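Note sheet for the following structure.
Read-outs throughout are calculated quantities, based only on the coordinates presented, and are distinct from any laboratory measurement. From a predicted model like this one, the values you see are computed outputs, not experimental measurements. Note that we place each Cβ from the backbone using ideal geometry, even for glycine, and neighbour counts take in every protein chain shown.
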Amino acid sequence: MLPKIKNAIKISPPRIYPETGFIMNFDGCSKGNPGLAGAGAVIYYNNEEIWSESFFVGEKATNNHAEYAGLILGLQYAKELQINSLLVKGDSQLVINHMIGTYNCKSPNLIELYLKAKELERNFEIVKYEHVLRNFNKRADELSNIAISNYLETCAKI
């Protein structure tokens, strides 16, 4: 008979992600919340950037709206690239928790965006989501801010 172990340490199992070289980071920002908003996404293959894009979301959009816009942008392009397995990283706990089902999306302002993201998700065999801190999402953050800067530069020229 084995002895009973006192004060056993519980160890959480490690996170297991799909065997994929494709990682997509997304981000959105809003200056004023609601205010000028931009979104960006970047796709890496084996840690090398293979695609990135940003766009201006609107003049009176919320940060959460912009975050979803970044996610949708990245998922749309990953679909175009015919990626089957994708690890998605973002610094929005709300969006990540909506997508993995930890939180229910009940906001009338976000439900349409959430449903669009879930629809796009069906194009992949495997999609895993990971919340990352802002400092691990710098490129996507940079892209979302570039979208606002480009919009302001365009307005200044008019």
- Item | Cα point-scatterer Debye curve for the stretch 22-157, base-10 log of I(q)/I(0) at q = 0.09, 0.12, 0.15, 0.17 Å⁻¹ | -0.23, -0.41, -0.65, -0.83
- Message: Whole angstrom only: what separates the Cα centroid of the stretch 21-40 from the Cα centroid of the stretch 53-113?
- Response: 9
- DSSP bridge orientation in the chain - percent antiparallel, rounded to nearest 5: 65
- Query: Mind listing which chymotrypsin sites (Phe, Trp or Tyr not before Pro) in the stretch 51-104 are in a DSSP loop and have 14 or fewer other Cβ atoms within 10 Å?
  - Reply: Tyr103
- Note down the nm distance, to one decimal, between modelled labels 7 Å out along Cα→Cβ at Glu125 and at Asn47. 2.5
- Item | Exposure proxy ranking, count of Cβ atoms within 10 Å, fewest first, for Lys128, Lys60 | Lys60, Lys128
- Query: If you rank Arg134, Arg122 by fewest surrounding Cβ atoms within 10 Å, what's the result?
  - Reply: Arg122, Arg134
